[in-house]
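Please read the structure below before turning to the comments.
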Amino acid sequence: MTVSEAAVSAGGDIRVTRSRRNVWWTGIGALVVVAVFAILPYEVYAGTTGILVQGFIILTLASMWNLLAGYAGLVSVGQQAFLGLGAYFVLILAMHGVSPFIGVPLGAVGAGVAALPLWWLVSRLRTGYFAIGTWVLATAVALFVEQFQSIGGGTGLPLPGLSGWDPTVLSAYTYWAGLSVSVVALAAVYFLLRTRVGLVLTAIRDDEIAASSSGARVWVARMLVFVVAAIGCGAAGGVLAIEQLQVVPGTSGGVFSVQWTAEMAFAVIIGGIGTIEGPIIGTIIFMVLQQALQQYDVWYLIILGLVAIAVTLFSRKGIWGLLDDKLSLRLFPVGYYLWVPGDRRGRKAVARPAP
């Protein structure tokens, strides 16, 4: 018996809600958390804010990677291309007298514009082919950028425009820039997934052929997500350039290093792919492990790998997915639940939003 048939037999109508619980307090709680984070530069040392800036960068990247892989089914191994482009756009603008902080949103837009022709090159690829294709594309973009000696070639350049700043003020402004980018990224993902595009993405992820045959504009939806993810990664790259006070292309920790994609994927897998909360939880765990284990050199990477394997084996939905299964809790609900009269648990489903 289907849900609709059950509702008819029960003599009532189906009630559709975004969550099994009333989560109106989520918005208030989120505002409180953002407000607390906003005043931290007045309360903690610059070293602490520096660590948090790194966390904001990882959170932004993880949210974008989760949007691609968790909702559109596009597993990318080349998001470092847009991280690097965002950083280099900030560098180029700063070389022409534009404040690096103003350059962050401009660089993000530039990364989004660059994503359009790059999407055309990989749009027909799927699954593993798409992953390898984006990796090759990122490498090609890095090699192309390194050919321009005016922006440092293969060695990079210091970021101009910040040398006269007071270190305390610069640290605070960098922190606020990172916080703003991560908050905007999470909000953009949340509101995008609550639109019709979000429903199309869910349908594509579950069965692309069925979604296409049902009239969903698969190519357009995926292109939109690809561009949005590029914009988010570009903004994170701009913040990274300011945080490091230089833009270095390909070395370990460089803006085009594949290490960034590994870290954003790790945060998503640990936290829970296909949820907005997952990247947040995953980023927190990643930053805690990084700060606790980074002095152990190669063992740090080995332990990260073991943690990822353990979570994948015992909880394929990640830590937040495990909590959601036990508590039926979503802080940022983007799906729908169908409530049949007499059914207290509700049945998770996808429904079309009212026009």
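Side notes on the structure shown:
- Out of Val141, Val169, sole residue that is closer than 25 Å to Ala94 by Cβ and either polar (S, T, N, Q) or crowded, with 18+ Cβ neighbours inside 10 Å (or both): Val141
- Of all residues in region 106-125, those that are free of Cβ contacts under 8 Å to residues at least 24 places away in the same chain and either small (Gly, Ala, Ser) or farther than 26 Å from Ala177 by Cβ (or both) total 6.
- Options Gly234, Gly198; residue that is modelled with pLDDT of 90 or more, assigned to a helix (DSSP H, G or I) and within 25 Å of the chain's Cα centre (by Cα): Gly234
- Some residue of region 277-294 being in contact with a Phe, Trp or Tyr (Cβ under 9 Å, 6 or more places away or on another chain), outside any helix (DSSP H, G or I) and more than 26 Å from Leu159 (Cα to Cα): no
The values are calculated or read from the model by the stated rules, or taken from the named source; none is laboratory data. Please read all numbers here as calculations on a predicted model, not as lab measurements. No Cβ is skipped: glycine too gets one built from the backbone with ideal geometry, and neighbour counts run over all protein chains shown.
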